[in-house]
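The structure appears below as C-alpha cells.
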Amino acid sequence: MAIFLEFSGEDVMNPDAAVEAMEQIADVLRAMSDAEKASVAACMSNLASSYGERGDFVADLPANLGIV
C-alpha cells in the first residue's frame, strides 16, 4: 500500500489523500506493541531487496513510519 501511495501519479491518487493515508498507516503501526513493530520492521527490511529500484524506499519505511 505504501508503495502505491508513494509512487502513484496524481492521475491515479490525489496527493493529499495519499499523504493522509500514509499518516493513517503510520498511526496504526505506531500503536502496535514494541515486539510487533520490530517484527514488521524486520519483514520490511527483508523484503526490500525484492522491490528492485524501490527497495530503498521499502527499507526506509520503518524509520519513515516511526516504528524503529
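Just so it is clear, none of the values below were taken in a lab; they were calculated from the coordinates. What you see is a predicted model, and the numbers here were worked out from it, not measured in a lab. FYI the Cβ positions are ideal-geometry reconstructions off the backbone, even for glycines, and counts take in every protein chain you see.
Count of segment 36-68 residues, restricted to those that are surrounded by fewer than 13 Cβ atoms within 10 Å (Cβ to Cβ) and outside any helix (DSSP H, G or I), is 1. Within segment 12-68, the set of residues being among the hydroxyl-bearing types (Ser, Thr, Tyr) and without any contact (Cβ under 8 Å) to a residue 24 or more places away in the chain comprises Ser33, Ser39, Ser45, Ser49, Ser50. Residue check: Ala26 meets all listed conditions (1) crowded, with 16+ Cβ neighbours inside 10 Å; (2) part of a helix (DSSP H, G or I); (3) in contact with a helix residue (DSSP H, G or I) (Cβ under 7 Å, 6 or more places away or on another chain) but one, namely (3).
Each residue in segment 1-11 was checked for being surrounded by 11 or more Cβ atoms within 10 Å (Cβ to Cβ) and either free of Cβ contacts under 8 Å to residues at least 12 places away in the same chain or of a type outside the set (Phe, Trp, Tyr) (or both), and 6 of them qualify.
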